[in-house]
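The values are calculated or read from the model by the stated rules, or taken from the named source; none is laboratory data. Everything numeric here is computed off the predicted structure, so don't read it as measured data. Cβ placement follows ideal geometry from the backbone for every residue including glycine, while neighbour counts extend to all protein chains displayed. Keep in mind that these areas ignore ligands, DNA and RNA; they rest on the heavy atoms of the full protein, side chains included. Shrake-Rupley method; radii C 1.70, N 1.55, O 1.52, S 1.80 Å.
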Amino acid sequence: MKNIRNFCIIAHIDHGKSTLADRLLDFTGSVTEREKQEQLLDNMDLERERGITIKSHAIQMDYIHEGEHFVLNLIDTPGHVDFSYEVSRSIAACEGALLVVDAAQSIQAQTISNLYLALENDLEIIPVLNKVDLPSANIEEVTDDIVDLLGCDPSDVIPASAKTGLGIQEILDAIINRIPAPSGKVDAPLRALIFDSVYNPFRGVETFFRVINGTIKKGQHIKFVNTGKTYYADEVGTLKLQQLAKKEIKTGDVGYLITGIKDAREVKVGDTITDAENPTKEAVAGFEDVKPMVFAGIYPVDTEEYEDLRASMEKLQLNDASLVFTPESSAALGFGFRCGFLGMLHLEIIQERLEREFDMTVITTVPNVSYHAYTNKNPDDIILVNNPSDLPEPSTLNRVEEPYIKATIITKSDYVGNVMSLCIEKRGEITNQTYLTTERVELTFDMPLAEIVFDFYDRLKTVSRGYASFDYSPIGMRVSKLVKVDVLLNGNKVDALSALLHVDNAYDIGKKMCEKLKELIPRQQFDIPIQAAIGAKIIARETVKALRKDVTAKCYGGDISRKRKLLEKQKKGKKRMRQVGNVEIPQEAFMAVLKLN
Ligand code: GDP
Ligand code: MG
């Protein structure tokens, strides 16, 4: 145990976490030439393409320090706010963290929120100033920022370049010298923290854990404390680049477990593994059932594909436990599913995976958060509103509550004004403003989740010219004045286009929605009126004008290559079009409400 070190890397996105992990693997000889690929830890195709780490993974390195053999377990953490609970569990499995800060960008919101998580878990922090090779690196200034933030000595900050390899030796030595060895009870009943799991179609769910007390052995009868289920440990082992089966994994170490579980939902991140016959008295603290934050309908473009879609979603859920769905039907779109996601990135990933891995063509409807509604008849009973159409009739409605978050934004002092205006526009209330340095300001706001899950981050980047970072955490439900805005096409209400909006914005957004839909809905042989309404009251109107005959003639006549192009374009467009009544609606129209600016 005294020669084990468990650590993670905390960094804002793009500050160099994955690159640094690769350098550490290189330096410790953990990768053969053949295995060398950029950013080894991001092993899902989608992750690599998007350049982000979606799921956390762990990897074990061997390192000889002054003639002594050490085992270093690096636990990788996801870099996106959608996955912050997983970050917290990975952090809880470590004794130390490398705090990686980009020398050209300095400290960002994500770094700070994860740093707080690490400090709450009493982790030893090793600050690493990365990218010192860049001409734009502000070595002294950013070192000062780090010293201010941590209250450490400037000499504790390790200048490094994950690109050139500078500082890697120093980082490894610091991991050995500064991070404490694990301190569990070898003789106590088994107590291991699940910090991640991955679905493997051949082997079932692979569970990644950190042993806190006791030992987990191959063949052992084990129990997951929070789900209450028992299994046999068919295989345990350590996570090298490949998995390496072992007889047992001891106190303080990190490993994987295979029990033949075929459903990802049985393995909950944060749960405790113990011995079924001799269970631990105390589960590991901090377990939470993750709840979806964003909901949207997913419908097959071709109504015939409903059963295929159901089968695909079920398969997808087997390897992504955070996806939830229930069947729903829409007057406009027919049968589909109301799905819950951790955030917008998660939604995009699911949509992409359905199309790539399952060859489905789907329509995703306007996403919304989860509201609580109360009727006058039963003012204490929560009605969960995950779909605008679930909102009770306005006349029977007592009140509606919406989820709020605390938003933390770090920006340059020059952009404070812009950031404030944006947050106020998004119904934010400022709760704090702190100058971290003369140049850098931390702002905190209470804001409705609904205002930030959609386009907020992009807008923030624009108004701050990229000099703002953002993080958030939920702070509960608050009463809010919300109304349902419906959209009518050609006089027919299209339920899949309804949205719940704050009453102060409803008129403005209703108008913009009509304008946007006018742009997106292709012209047809007849006029298509587009209307926005609250109840029976029409609040905005636009018209998609009919195609003139000669325009069509012109398009289809003449140049053959142009004609082919047009046909191809139509074919592609078809893929994501949905016929509603006699109007064709493209996928973008369903997301229009999110992209009004
Ligand atoms: P992550 O999002 O924190 O995992 O960041 P990555 O490791 O993916 O790095 C983001 C970008 O910064 C990539 O283009 C890297 O090649 C680059 N990068 C990482 N470390 C360094 C460094 O030390 N110097 C320079 N110049 N670029 C780096
Ligand atoms: Mg990365």
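Some notes on this structure:
- Selection count where residues are open to solvent by 40 Å² or more (accessible area, probe 1.4 Å) and modelled with pLDDT under 95, scope the stretch 400-423: 3
- Residue match in the stretch 91-103 (condition: within 30 Å of THR238 (Cβ to Cβ), more than 16 Å from ligand 2 (Cβ to nearest atom), out of contact with any Asp or Glu (no Cβ under 6 Å at 6 or more places or on another chain) and part of a helix (DSSP H, G or I)): yes
- Output for the stretch 206-223, where each listed residue is open to solvent by less than 30 Å² (accessible area, probe 1.4 Å), in contact with a Lys or Arg (Cβ under 8 Å, 6 or more places away or on another chain) and part of a strand (DSSP E or B): VAL211, ASN213
- Members of the stretch 384-396 that are within 29 Å of ILE585 (Cβ to Cβ) and either of a type in the set (D, E, K, R) or out of contact with any Phe, Trp or Tyr (no Cβ under 6 Å at 6 or more places or on another chain) (or both): LEU384, ASN387, PRO388, SER389, ASP390, LEU391, PRO392, GLU393, PRO394
- Entirely in the stretch 366-476, the strands (runs of 3 or more DSSP E) that have 3 or more residues that are touching a residue at least 40 places away in the same chain (Cβ under 8 Å): 397-412, 440-448
- Qualifying strands (runs of 3 or more DSSP E) (wholly inside the stretch 1-86; at least 1 residues being at pLDDT below 90 and surrounded by 20 or more Cβ atoms within 10 Å (Cβ to Cβ)): 4-11, 58-65
- Within the stretch 104-113, the set of residues being within 16 Å of ligand 2 (Cβ to nearest atom) and either open to solvent by 10 Å² or more (accessible area, probe 1.4 Å) or basic (Lys, Arg) (or both) comprises GLN105, GLN108, GLN110.
- Residue in the stretch 114-129 that is within 20 Å of VAL254 (Cβ to Cβ), away from ligand 1 (no atom under 15 Å from the Cβ) and of a type in the set (Val, Ile, Thr) present: yes
- Residue match in the stretch 224-231 (condition: over 15 Å from ASP263 (Cβ atoms), outside any strand (DSSP E or B), in contact (Cβ under 8 Å) with a residue 24 or more places away in the chain and not polar (S, T, N, Q)): yes
- Residue within the stretch 187-200 that is open to solvent by 50 Å² or more (accessible area, probe 1.4 Å), touching a residue at least 60 places away in the same chain (Cβ under 8 Å) and in the same structural domain as LEU24 (by the TED database) present: no
- Where ALA174 falls short, out of the listed (1) within 16 Å of ligand 2 (Cβ to nearest atom); (2) open to solvent by less than 60 Å² (accessible area, probe 1.4 Å); (3) under 26 Å from THR28 (Cα atoms): (1)
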